[in-house]
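Any read-out appearing in this document is the output of simple, stated calculations on the displayed coordinates, not a laboratory observation. Just so it is clear, the model here is predicted, and its values are computed rather than measured. Positions of Cβ are generated from backbone atoms using ideal geometry, with glycine treated the same way; all protein chains shown enter the neighbour counts.
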Amino acid sequence: MDLKILTDFEKQSIGERQPLPERYLRLSDDELDARIASAKATLGERCVILGHHYQRDEVIKFADYIGDSLKLSRAAASRTKADYIVFCGVHFMAESADILRAPHQKVVLPDLAAGCSMADMAAPDQLEICWREMEQLGVRTDALGADGRAGVIPVTYINSSAAIKAFVGAHGGIVCTSTNAQSIMTWAWERGEKLLMLPDQHLGRNTGFKMGVPLDQMVVWDPNEMWGGLDADQVKAAKLILWKGHCSVHTRFTVPQIEAFRKKYPDGRVVAHPECTLDVVRAADESGSTEYIINTVKASPAGAVWAVATEVHLVNRLTAEVPDKTIVTLDPFGCLCSTMFRVSPNHLLWILEGLVEGTIYNQITVPEPTRTDAKLALDRMLAL
């Protein structure tokens, strides 16, 4: 994927998503860089900029911390001198930062159009209906059995809205990341007979399969169907109930792409993110979180050849960081997270210069009681 062509095209319509003042629309790269650096220097320790791995290079180079969403939220909370947390990511990440922030801190998202299609696949009203319908299908949702265990424990991937995290927290559940999904699911099965895993079915299926859960003990709950598209016997037999959601980036990777890579590079290896489909993860040599992918590739010997099944900005950055290895994206067209791409240098500059002038744009605030309930689910994970 030619990211320069894509970036140049994007500049022509940058104000069509979240409107920007005219003076921020047609700036040269050099002016953007100089003014962002100046505003950042003026703010000093009062501002911390967080950059998710999938952000474009033009933005990530100004980040004080680079990582996945949870690592960044925790980093922000540790920077107690910072009054402002500028989160170059997507909406659910900024919400998590607001939940975990210190009382005096304010969280800002440079572009409010930066959402997550996976997180949007689980709405609070859909989860409430699911919870009620599972009860009607014979699953104990809020009552404990004679053994002191729940009928079902809700587990939500951190890639979900604060409202979903709040529901999960209020119903004895927990948040997971792609890094700790296995230990979190173990924790949940110690407390419940079944797990409801949302919103990404592939992370749940891949992790459950890795833990030895048979595929015939997993079912997919479709929130757009009555009873999730299931019957009572199917739900009763299931150990793992998977929400019908997915990542639009990671589901683009395929087994034929792996086969084509192996044909071109017989000694090459494939590492895939667990948001990919099960057949891709099984066909890969390694699978794991973004941090796992980075560490695995960097730790491999010089001359190693890798195909990486995750977002193209991370793949390109990794290629530049380890020039002694050959690293390619598994998808020859490159898989771009279009919502991450929406955070532009122009938006970052607008936010930072606003803070210098004493104006806060795009503050993300999670209201009560959502914040307290969501923090319950996050705190349960952090306690592990």
Checklist entry - How high is the relative contact order of the chain, in percent, with contacts defined as C-alpha pairs under 8 Å that are six or more residues apart? => result 21 percent
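Using the reciprocal of the averaged 1/r over all distinct C-alpha pairs, how large is the Kirkwood radius of the stretch 140-215 in Å?
On the way: mean 1/r = 0.0804 Å⁻¹.
Evaluated on the stretch 140-215, it is 12.4 Å.
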Checklist outcome for this item: Taking every alpha carbon pair in the chain and sorting the distances into 10 angstrom bins from 0 up to the bin holding the longest one, the percent per bin comes out as 5, 23, 30, 25, 14, 3, 0
Checklist outcome for this item: Log10 I(q)/I(0) at q = 0.18, 0.22 Å⁻¹ for the stretch 119-247, from Debye over equal alpha-carbon scatterers, is -0.90, -1.46
Item to check | Expected-Rg normalisation [2.2 N^0.38 Å, Cα atoms] applied to the stretch 268-314 | outcome: 1.06
Checklist entry - Using modelled amide H (1.01 Å from N, peptide plane; none on Pro or chain starts), what sits under 5 Å from the amide H of CYS176, excluding residues fewer than 5 places away? => result THR156, TYR157, ILE158
Checklist entry - If you stretched the chain out fully between ALA102 and ALA383, how much longer would it get, using 0.36 nm times the residue separation minus the C-alpha to C-alpha distance? => result 99.4 nm
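Quick one: compute the contact order of the stretch 250-329, relative version, from alpha carbon pairs under 8 angstrom and 6+ residues apart, as a percent. Please report the intermediate quantities before stating the final value.
Details: 121 pairs, mean separation 22.9, N = 80.
Once normalised by length, the contact order is 29 percent.
Counting Lys +1, Arg +1, Asp -1, Glu -1, what net charge surrounds GLY358 among other residues with beta carbon under 15 Å of its beta carbon? Write down the numbers at each step before the final one.
Numbers: positive: ARG46, LYS106; negative: ASP83, GLU353, GLU357.
The answer is -1.
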Checklist outcome for this item: Fewest-first ordering of CYS247, CYS116 by Cβ atoms within 10 Å yields CYS116, CYS247
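Below 12 angstrom from the Cβ of ARG35, what's the summed charge of the other residues (Lys, Arg +1; Asp, Glu -1)?
On the way: positive: ARG23, LYS40; negative: ASP29, ASP30, GLU31, ASP33, GLU353.
Spelling it out: positives minus negatives among the neighbours equals -3.
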Checklist entry - Which far-off residues, 5 or more places away or on another chain, put their amide H under 5 Å from the one on HIS273, with H placed in the peptide plane? => result GLY288, ALA309
Next on the checklist: Of all beta bridges DSSP finds with both residues in the stretch 119-247, what is the antiparallel percent, to the nearest 5?
Outcome noted: 5 percent
Item to check | Hz values of 3J(HN,Hα) by residue in the stretch 360-370 - Karplus curve (6.51, -1.76, 1.60), Gly and Pro given as x | outcome: 9, 9, 6, 5, 9, 10, 8, x, 7, x, 4
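Using the count of nearby Cβ atoms within 10 Å as a rough guide to exposure, how do PHE62, PHE209, PHE87, PHE92 rank from fewest to most? If you can, show how the numbers build up before the last one.
On the way: PHE62 20, PHE209 16, PHE87 30, PHE92 23.
The order, fewest Cβ neighbours first, is PHE209, PHE62, PHE92, PHE87.
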Item to check | q = 0.11, 0.13, 0.17, 0.26 Å⁻¹: log10 I(q)/I(0) that the Debye formula gives for the stretch 250-329, counting C-alpha atoms only | outcome: -0.23, -0.33, -0.57, -1.38
Next on the checklist: Nearest 10 degrees is fine. How inclined is helix 124-136 to the longest principal axis of the chain, computing both from alpha carbons?
Outcome noted: 10 degrees
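What's the whole-number percent of alpha carbon pairs in the stretch 94-154 lying beyond 16 angstrom? The partial results should precede the final answer.
Details: 1202 of 1830 pairs.
The proportion of pairs with Cα distances above 16 Å equals 66 percent.
Antiparallel versus total DSSP beta bridges in the chain: what percent is that, nearest 5? Show your work: numbers first, answer last.
Working: 3 of 40 bridges.
Within the chain, antiparallel bridges account for around 10 percent of the total.
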Checklist entry - Which Cα, out of THR329, MET118, SER248, lies furthest along the positive dipole direction of the chain (beta carbon charges, K/R +1, D/E -1)? => result THR329
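For the chain, the longest stretch holding no GluC sites (Glu not before Pro) located in a DSSP loop with at most 15 other Cβ atoms within 10 Å is which?
Details: sites that count: GLU190, GLU225, GLU357.
With GluC sites (Glu not before Pro) excluded where exposed in loops, the chain gives 1-189 as its longest stretch.
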Checklist entry - Which net charge results for the neighbourhood of THR251, defined as the other residues with beta-carbon distances under 14 angstrom from its beta-carbon, given Lys and Arg at +1 and Asp and Glu at -1? => result -2
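Please rank SER289, SER300, SER248, fewest neighbouring Cβ atoms within 10 Å first, as an exposure proxy.
Working: SER289 21, SER300 18, SER248 15.
In increasing order of surrounding Cβ atoms, one gets SER248, SER300, SER289.
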Next on the checklist: Per 0.36 nm of contour for each residue apart, how much would the distance between ARG23 and ARG262 grow if the chain were fully extended, relative to their Cα-Cα spacing?
Outcome noted: 81.1 nm
Next on the checklist: Run the numbers for GLU128 and ASP222: contour at 0.36 nm per residue of separation, minus the present Cα-Cα distance, in nm.
Outcome noted: 32.5 nm
